[in-house]
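Enquirer: Let me give you the structure first, and then I'll get to my questions.
The values are calculated or read from the model by the stated rules, or taken from the named source; none is laboratory data. Worth saying up front: this structure is predicted, and the values here are computed from it rather than measured. A quick note on method: Cβ atoms are made from the backbone with ideal geometry, for glycine too, and the neighbour counts reach across all protein chains shown. Ligands, DNA and RNA are stripped out before the accessible areas are found, and what is left, the full protein with its side chains, is counted by its heavy atoms. Shrake-Rupley method; radii C 1.70, N 1.55, O 1.52, S 1.80 Å.
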There are 2 protein chains.
Amino acid sequence: MAIQPNRGKFKLSERPVEQYGLKRFSTAEATVILREDGKMREKTLTMDTLNPQVKAVEYAVRGPIVTKAGDIERGLQQGQKHPFTEVIKANIGDSHAMGQKPITFLRQVVALCSFPELLNSPSFPEDAKQRARRILQGCGGQSLGSYSASQGVDCIRQDVAVYIEQRDKGVPADWDNIYLTTGASDGIVSILKMLVSGQGRSRSGVMIPIPQYPLYSAAISELEAVQINYYLDEDNCWALDINELHRAYQAAKEHCHPRVICIINPGNPTGQVQSRKCIEDVLHFAYEENLFVMSDEVYQDNVYSPDLQFHSFKKVLYEMGPEYFNTVELASFHSTSKGYSGECGFRGGYMEVLNLDLEVKAQLVKLLSVRLCPPVSGQAAMDVIVNPPLPHEPSYLQFHKEKSAVLGALAEKAQVTEQTLNTVPGIKCNPVQGAMYAFPRIFIPPRAVEEAKSLGMSPDMMYCLRLLEETGICLVPGSGFGQREGTYHFRMTILPTTEKLKVLLEKLRDFHIKFLKEYASLEEPKR
Amino acid sequence: MAIQPNRGKFKLSERPVEQYGLKRFSTAEATVILREDGKMREKTLTMDTLNPQVKAVEYAVRGPIVTKAGDIERGLQQGQKHPFTEVIKANIGDSHAMGQKPITFLRQVVALCSFPELLNSPSFPEDAKQRARRILQGCGGQSLGSYSASQGVDCIRQDVAVYIEQRDKGVPADWDNIYLTTGASDGIVSILKMLVSGQGRSRSGVMIPIPQYPLYSAAISELEAVQINYYLDEDNCWALDINELHRAYQAAKEHCHPRVICIINPGNPTGQVQSRKCIEDVLHFAYEENLFVMSDEVYQDNVYSPDLQFHSFKKVLYEMGPEYFNTVELASFHSTSKGYSGECGFRGGYMEVLNLDLEVKAQLVKLLSVRLCPPVSGQAAMDVIVNPPLPHEPSYLQFHKEKSAVLGALAEKAQVTEQTLNTVPGIKCNPVQGAMYAFPRIFIPPRAVEEAKSLGMSPDMMYCLRLLEETGICLVPGSGFGQREGTYHFRMTILPTTEKLKVLLEKLRDFHIKFLKEYASLEEPKR
C-alpha cells in the first residue's frame, strides 16, 4: 500500500535502521516500514490515528511521577546511587502495599470460598465457614468460578441492602437497587456513560468538585461530556459552598446541559467530611435543577475527627421527606478498597441507585451484561465488609481489634500529618477529617514558577519531581486533581507506617525549606 | 422547574396515583412527578435522554430469553406448574455452573494467596505453596489486596511470556508486551477503544466474523465504530474464506476506513478451528491492507478433533518471516474463563500486543490505569493456567488427571451433540471442532416465520422462546450472533453433564419435530 498523504505525517530525512532485512525509519511522528517491494507500510495505530478521546484522558495518580518513581526503584535495586536508599510511595491509597495487614476474617472467608475443602478444616472459625457456605450457595454450581448474574450474586446484594438499612438507621433499601461492581470506579463510569447524550449546547454537563479524584475528569474526557468545575472552599476546610454550585451551574448552562452532580464524601483528595446541612443543600439544589446525583462514599468508614460523622446522601434525602426521597435520582458508591479493609486488589464494590426509571434500569443491566459480571471473589470480599462478625460470633473479638487498630492508626496519622505539615513555612494543611489523604497548599516562589513554565511543566509537577529525585518521596502534584488558578498543592496519603510517615514528613520539611531558600535568593537558581 | 417541552414526551391523560403525598403520572414515555407546588419534575435519566450509544448495544447471551429463563426458574421454585421440572441453561459458556469441578491445584494456589497462613499448613502441596509464594512476592506488601501495576503483576506477566514461547515452539515473547486483563472482554474493548477515530467516511471500520460473539458488536455500537461483517462459510464447516474478506473490505471502503480485523479461533459460536493456511491468508491480507489484527484465542485449549490443532496467529506471523513479524500490529487474547479450568468468575485474562507504536503503548497503559488494575486473584488464577505443575512436581498427576477428564468429556459431548442434532429432520450441525458451542442451522417453516414477524420478533427468537416455555431449555437465538439473511440457528453450549446433555438433545429433537409438524400442516397453527 502506497503512502496516503492524509494518513499520517512523515519525515523521512532520518537515517534508516537496518533490522531483519527491513529498513525502519523512526521519526517523531510515525514509524514507517520500507517493504522489500519498495512500498511504505505505516503503522495502523499511531498517535495520529489514536482515538482522540483516549488521548484526552489524564490520570495523575499513576502519571509520569509514578513512572519515574518506578524507574528509580529499579535503579536502586540495580545498585544505582541516589541521595536516598528507598522510594516512599505516598501517591495512591493502597493500604496493603504500605504495610497494612488484611482483616483475618475477610481473608478466611475468601479462602474458604476459593477452596471449599477447607470447610472441613478445624482451623477455620464457624462464622467464617457460615459466611462462605452462604456465598457459595449463591454461586452457580456453588463455585466462585461461575459467572454471577450481571448485577452480582443475589445473596450478597441482599446483604448490602441490609447493611445500608442499618447504616442509615432504618431507611429502606431494596436489593433490587443494588449492583455489585468491579471496584467503585466501574460503577461510576457505568452510570456516567448512561448519562451522556446530546450535542453542542445540549451535551451533558457533569459537575465535579475541584479538587477532584481524577477518575471523574478521565471518564468525562473519554465520554466527551462537559466538565463543570465547582470549587471547594479551601479557606473553610474544603467545604462545599452552595453558592459556588449555583455559580458553576449558571455559567455552564450557557454552553451545555448540566445533568449530573458528583460529590465525594469524605473528600478525595481533600479529606473533608460534609456536614448534614451541606448535604441537604446539595440535594435541594439537585432537586430544583433536575440533576442526577452521584455520591462517591467509598471513604464512609474513614472519618477521624471525633466531632464529625458520616452522613449518607441517601439518608439525608430520606429525611428531607417523600417529595425528595421519591424523586431525586441518586447513585451512591462503595468499595472494598478503602475503609479499614483496604482490599484494593479484589476490585470489589457496589452501587445503590434510587428513583431510576424502570426502562433505564433494564438498560443498565444490559450494559453491565456485556462485561458479564464483577469478579466473584471481589463480591465475596464486599459481602464480608457489609456482613462482619456479630458480637456473639467467635471471630468478633479479633475482627473488632483489627478494625479498631487500623482506624485508630489512620486517625493518629491524619493528625500527625496535618500538624507536622503546618509547622513548615510555606505549607498550609487543612485538617484531614476523613479519607486517606492530605492535600496541603504549598507556596512556590515566583522564580520557581517561572522556571517550571520555561520547562513546560506545571510548577507543582516540577516541585514533586524534584522532591522525588532528591528524597525518594513519591507524591502527586495538585494539578492532577485541579486547583484554583495560581495555587499549588500536592496529595499525599497518610498510609505509610507511623514511623515511615514521620521520616517522610521530616524529609519533606527539609526539602521544602531548601526549595524556598533556593528560589527566594537573589542569585540564579543553583541547579 | 417547569416542563421544557423539548426534554421528553408527556401524556398526562393517565390517572395520577397518590403516593407519599405526591401525584405520580406513569406513562409509557416518562414518569412525571407533580410537585406540591404544582410544578412538574421529570426524571433526569429516561429512555429519551439515555446515551444513544448505550441504547444501541445488544448482548444476546444475556438477553430476553435468559431473563425469561430466570423468571421461570423462580416460578418453579415457588411451585408454579410448567411442562418440565428444571430449566437447563445452555446459553452461556459457564462451565462450573453446569457442574464442572474446579482444577484443585488452581484453587489451592488462590486459597494460599488469599490466606497466607495456609502456607504453614501441611495439607497443601509444596508446588502450590511455591507458586503462591512467588505470586505474593510480586504483590505490594505481599498481599492480593494491593493494587497491582496497571499492566498486572510483573512475575505473572513474565510467566505468561514463558508460556507463550513454549506454546509457540520458541517464538520469542517479551513480557513488556503482556497486559493482564479483567477477562478477555476487558482487553478486547480496551484495544478497540484505542482504534476508533475519524468521522463520516473516515470513521474506523472493524471487520468481524458473522456469526460472531456479541461482545464485538456491542463494543462497536458503544464506540460508534463501523461494523464490517465478513461471513463464515457454513457449507465448509464455518471456515473463513479469504475471498469473502476481500469482498467485505472493498464494500466497506466506500463508507468507512477499515482499520481492524477481528478473528475468533477456535470460533464462538461456530466451533471451527482455523487451519494454518487460512491464518496465513488472513495475516497476509491484514499486512496488505494495513489492518490491525485482533485474535481472540480464548478457546486455544478447546480443540476436540484429533486431526486438528490450534495455531496461534502470532506463531504463524513469525513463520511468515520478519517482514510480517516485525510490522503487523497484532493483539491476541486469552482468559481464565474457558479452556479446562473454566474459571469465569475470577475475571482473569491477558493480552499480548505485537508491533505496537511505543507512544501508543504508553497511551494504552494510561487508559488501563484509570481502572487501576485487573482483579489480583484473577491474575493469580491466570498464573496457574500458564504455569501448571510440571511432571516432576507433586501435584502433576492429579492436575493432569483433572485436566484430561475435563477436556475428554468436552470432546465426547462435542461429538454427541453434533451427531444427535444431525439425526433431527430440519437441523444441520457442523462438527464442533473446538470451543464450547454447537451452532446448528434450523429449518423454520415459512408459516412460523410469518407468525414471528407478525409478533415483531425474529423467527429464531420465537423458536427459542417456545423451546424454553415448552421444555425448560434455554438457548440463544442465532440472530444474537448474526447469520446470513433467511437462515436460522441457535447457539447451545456442550457444557451440561453428559447425562443432562442427552436429555436436553432428546427434548430438543421432540420439540423440533413437533414444531415442524405444527407449522407445516395446512390447518391454522394450534396455538
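Enquirer: Of all residues being in contact (Cβ under 8 Å) with a residue 40 or more places away in the chain and more than 8 Å from chain B (Cβ to nearest Cβ) in the range A:105-119, which is farthest from the chain's Cα centre (by Cα)? Just the residue, please.
Expert: Among those residues, the one meeting the criterion is A:C113.
Enquirer: Something else about it: Between a residue in the range B:37-59 that is more than 7 Å from chain A (Cβ to nearest Cβ) and any residue that is modelled with pLDDT of 80 or more and open to solvent by 70 Å² or more (accessible area, probe 1.4 Å), which pairs come within a Cβ distance under 7 Å, given they are 6 or more apart or on different chains?
Expert: Listed by first residue and then by second, the contacts come to B:Q53/B:E224.
Enquirer: Hey, among B:I191, B:I164, B:I178, which residue is within 13 Å of another protein chain (Cβ to nearest Cβ) and either touching a residue at least 24 places away in the same chain (Cβ under 8 Å) or not hydroxyl-bearing (S, T, Y) (or both)?
Expert: Checking each option against the conditions leaves just B:I191.
Enquirer: Then there is this: Taking B:G378 as meeting all but one of (1) touching a residue at least 12 places away in the same chain (Cβ under 8 Å); (2) within 10 Å of another protein chain (Cβ to nearest Cβ); (3) more than 30 Å from B:G267 (Cβ to Cβ), write down the number of the exception.
Expert: With respect to (1) touching a residue at least 12 places away in the same chain (Cβ under 8 Å); (2) within 10 Å of another protein chain (Cβ to nearest Cβ); (3) more than 30 Å from B:G267 (Cβ to Cβ), B:G378 is out only on (3).
Enquirer: In addition: Quick check: anything in the range B:296-309 touching a Cys at 6+ places or on another chain (Cβ under 8 Å) and assigned by TED's automatic domain parsing to the domain that holds B:S190?
Expert: Keep residues of the range B:296-309 that are touching a Cys at 6+ places or on another chain (Cβ under 8 Å), which gives B:296.
If we keep only those that are assigned by TED's automatic domain parsing to the domain that holds B:S190 too, we end up with B:296.
Checked the range B:296-309: at least one residue is touching a Cys at 6+ places or on another chain (Cβ under 8 Å) and assigned by TED's automatic domain parsing to the domain that holds B:S190.
Enquirer: Go through the range B:234-265 and give me each residue that's open to solvent by less than 40 Å² (accessible area, probe 1.4 Å), under 29 Å from B:I427 (Cα atoms) and of a type in the set (D, E, K, R).
Expert: B:E234, B:E244
Enquirer: Got a number for residues in the range B:166-193 being aromatic (F, W, Y) and in a loop (DSSP other than H, G, I, E, B)?
Expert: Number of matching residues: 0.
Enquirer: Filter the range A:60-99 down to the residues that are at the interface with another protein chain (Cβ under 8 Å from one of its Cβ atoms) and open to solvent by 30 Å² or more (accessible area, probe 1.4 Å), then identify the one that is farthest from the chain's Cα centre (by Cα).
Expert: Restricting to residues being at the interface with another protein chain (Cβ under 8 Å from one of its Cβ atoms) and open to solvent by 30 Å² or more (accessible area, probe 1.4 Å), the top hit is A:G99.
Enquirer: Among (1) among the aliphatic types (A, V, I, L, M); (2) touching a strand residue (DSSP E or B) at 6+ places or on another chain (Cβ under 6 Å); (3) surrounded by fewer than 19 Cβ atoms within 10 Å (Cβ to Cβ), which single condition is B:L407 missing?
Expert: All conditions are met except number (2).
Enquirer: Looking at the range A:17-31, is at least one residue crowded, with 17+ Cβ neighbours inside 10 Å, in contact with a Gly (Cβ under 6 Å, 6 or more places away or on another chain), at the interface with another protein chain (Cβ under 8 Å from one of its Cβ atoms) and at pLDDT below 90?
Expert: Yes, the conditions are met somewhere in the range A:17-31.
Enquirer: Of everything in the range B:386-400 that's in a helix (DSSP H, G or I) and away from chain A (no Cβ under 14 Å), which residue is most open to solvent (accessible area, probe 1.4 Å)? Show your work before the answer.
Expert: The first filter runs over the range B:386-400 and keeps only residues in a helix (DSSP H, G or I), leaving B:386, B:396-400.
From what is left, the residues that are away from chain A (no Cβ under 14 Å) are B:386, B:396-397, B:399-400.
Details: B:V386: 12, B:Y396: 60, B:L397: 137, B:F399: 14, B:H400: 87 Å².
It comes out as B:L397.
Enquirer: For residues that are hydroxyl-bearing (S, T, Y) and open to solvent by 70 Å² or more (accessible area, probe 1.4 Å), tally how many sit in the range B:440-473. Can you show your working first?
Expert: Keep residues of the range B:440-473 that are hydroxyl-bearing (S, T, Y), which gives B:454, B:458, B:463, B:471.
Subsequent filtering for residues that are open to solvent by 70 Å² or more (accessible area, probe 1.4 Å) retains B:454.
Qualifying residue count, the range B:440-473: 1.
Enquirer: Could you tell me whether B:V449 is farther than 23 Å from B:Q300 by Cβ, aliphatic (A, V, I, L, M) and touching a Leu at 6+ places or on another chain (Cβ under 8 Å)?
Expert: Answer is no for this residue.
Enquirer: Could you please find all residues in the range A:368-385 being within 13 Å of A:S335 (Cα to Cα) and open to solvent by 10 Å² or more (accessible area, probe 1.4 Å)?
Expert: Correct list: A:I385 only.
Enquirer: Still on this structure, I have one more. Of all residues in the range B:194-219, count the ones that are open to solvent by less than 10 Å² (accessible area, probe 1.4 Å), in a loop (DSSP other than H, G, I, E, B) and more than 10 Å from chain A (Cβ to nearest Cβ).
Expert: The total comes to 2.
Enquirer: When the range A:120-159 is examined, which residues are found to be more than 9 Å from every other protein chain (Cβ to nearest Cβ), assigned to a helix (DSSP H, G or I) and open to solvent by 30 Å² or more (accessible area, probe 1.4 Å)?
Expert: Matches in the range A:120-159: A:N120, A:E126, A:Q130, A:R133, A:R134, A:Q137, A:D154, A:Q158.
Enquirer: Applying the selection to the range B:397-415, what residues are free of Cβ contacts under 8 Å to residues at least 60 places away in the same chain and of a type outside the set (A, V, I, L, M)? It would help to see each step written out before you state the result.
Expert: Restricting attention to the range B:397-415, the residues satisfying the condition of being free of Cβ contacts under 8 Å to residues at least 60 places away in the same chain are B:397, B:400-401, B:404-405, B:408.
Of everything in the range B:397-415, those that are free of Cβ contacts under 8 Å to residues at least 60 places away in the same chain and of a type outside the set (A, V, I, L, M) turn out to be B:H400, B:K401, B:S404, B:G408.
Enquirer: Identify, from the list A:S341, A:S312, A:S335, A:S305, the residue that is under 20 Å from the mean Cα position of the chain (by Cα), over 18 Å from A:E165 (Cα atoms) and in contact (Cβ under 8 Å) with a residue 60 or more places away in the chain.
Expert: Among A:S341, A:S312, A:S335, A:S305, only A:S341 is under 20 Å from the mean Cα position of the chain (by Cα), over 18 Å from A:E165 (Cα atoms) and in contact (Cβ under 8 Å) with a residue 60 or more places away in the chain.
Enquirer: While we're here: For residues that are touching a Phe, Trp or Tyr at 6+ places or on another chain (Cβ under 7 Å), open to solvent by 20 Å² or more (accessible area, probe 1.4 Å) and outside any loop (DSSP other than H, G, I, E, B), tally how many sit in the range B:410-428.
Expert: Initially, the range B:410-428 is screened for residues touching a Phe, Trp or Tyr at 6+ places or on another chain (Cβ under 7 Å), giving B:410-411, B:414, B:426.
Now restrict to residues that are open to solvent by 20 Å² or more (accessible area, probe 1.4 Å): B:411, B:426.
Adding the requirement that they be outside any loop (DSSP other than H, G, I, E, B) leaves B:411.
Within the range B:410-428, residues that are touching a Phe, Trp or Tyr at 6+ places or on another chain (Cβ under 7 Å), open to solvent by 20 Å² or more (accessible area, probe 1.4 Å) and outside any loop (DSSP other than H, G, I, E, B) number 1.
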